[in-house]
Amino acid sequence: MAKFNSFEEILSWKKARELNLIIYKITNLNPLFSKDFGLKDQIRRASVSISSNIAEGLERQTTKEFIRFLYIAKASAGEVRSQLYLAFDIKYIEKEAFEKLKLKVNEVSKLISGLLKYLHSTL
């Protein structure tokens, strides 16, 4: 099992937490986005799923379970990225915000990938 005392120590969880805050803020900024309950709720759920699955995976206290939940978190990061493209395409977010968010979610995804690689090497 990874050498973490709590999920709060995991960098990918910390970065996912930051992403959650940004997603919540941006989905309230544009009046059209804030009223699009389907997309707003889906992107929020997907974002929260990233940090939640990292936390839940670690709390399972086995490397195999942690790995399984990290894959779910990584998949949720892909979902957020895809939804960001839609939000940009329908002009809910500006290009600058889209690019910043895309970089942030890619960073989280890469951190999860690095953690997965490490965990696989310990099996």
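The values are calculated or read from the model by the stated rules, or taken from the named source; none is laboratory data. As the structure is a computational prediction, the values presented were derived from the model and not from experiment. Positions of Cβ are generated from backbone atoms using ideal geometry, with glycine treated the same way; all protein chains shown enter the neighbour counts.
Laid out as a table, the results:
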{"read-out": "Single unsatisfied condition, Ala75 versus (1) within 17 Å of Ile23 (Cβ to Cβ); (2) outside any helix (DSSP H, G or I)", "value": "(2)"}
{"read-out": "Flag for Leu103 being at pLDDT below 95, in a helix (DSSP H, G or I) and surrounded by fewer than 18 Cβ atoms within 10 Å (Cβ to Cβ)", "value": "no"}
{"read-out": "Selection from segment 82-100 of residues that are buried (at least 17 other Cβ atoms within 10 Å of the Cβ) and either within 30 Å of Ser121 (Cβ to Cβ) or among the aliphatic types (A, V, I, L, M) (or both)", "value": "Leu84, Ala87, Ile93, Ala97"}
{"read-out": "Flag if Glu59 is within 21 Å of Glu107 (Cβ to Cβ), exposed (fewer than 13 other Cβ atoms within 10 Å of the Cβ) and either at pLDDT 95 or above or among the basic types (Lys, Arg) (or both)", "value": "no"}
{"read-out": "Selection within segment 5-16 - of a type outside the set (A, V, I, L, M, F, W, C) and surrounded by 18 or more Cβ atoms within 10 Å (Cβ to Cβ)", "value": "Ser12, Lys15"}
